[in-house]
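The values are calculated or read from the model by the stated rules, or taken from the named source; none is laboratory data. Model, not experiment: these values are computed from the prediction. Cβ placement follows ideal geometry from the backbone for every residue including glycine, while neighbour counts extend to all protein chains displayed. The accessibility values were calculated without ligands, DNA or RNA, using every heavy atom of the protein model including side chains. Shrake-Rupley method; radii C 1.70, N 1.55, O 1.52, S 1.80 Å.
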Amino acid sequence: MTIGYVLINTAPAYEHEVYNKLSRVPEIVEVHPLFGEFDIIAKIEAENFEKLGTLVIEKIRSIKGVIDTTTLTVTKV
C-alpha cells in the first residue's frame, strides 16, 4: 500500500466544486479544505507508486478548476 498526500491549488471560485468531485473518488480517503498556500489536501491510498501517479494525473489533475498539484509520498521510518 502506498499513501500520498496531494496539495491542490484551484482556480478562484472552484474550491467547492473540486472538493465535491474529489470526495467521490474511491481511492481518496480524506479531503480537507485549507487556508494558505494551497486550497485543498487529499489523502490517497494506492497499490503502488505507479498507481498513485496515475490517480493524480487521471483523477485529480483532470478535474476542471485544478490549477496545480504537489504530491507528497509517505515512507516508513
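General observations
- Close pairs from the range 15-35: first at pLDDT below 95, partner part of a strand (DSSP E or B) and open to solvent by less than 60 Å² (accessible area, probe 1.4 Å), Cβ under 6 Å, at least 6 apart: none
- Those residues of the range 11-23 which are closer than 21 Å to THR73 by Cα and of a type outside the set (A, V, I, L, M, F, W, C), in sequence order: TYR19, SER23
- In the range 55-77, the residues that are farther than 11 Å from VAL6 by Cβ reach residues that are open to solvent by 30 Å² or more (accessible area, probe 1.4 Å) and of a type in the set (Val, Ile, Thr) with C-beta atoms within less than 6 angstrom, at least six apart or across chains, in these pairs: VAL74/ILE3.
- Qualifying residue in the range 41-61 (condition: at positive phi and touching a Ser or Thr at 6+ places or on another chain (Cβ under 9 Å)): no
- When the range 24-63 is filtered for residues that are within 20 Å of LYS76 (Cβ to Cβ) and of a type in the set (Lys, Arg), the ones remaining, listed by number, are LYS43, LYS51.
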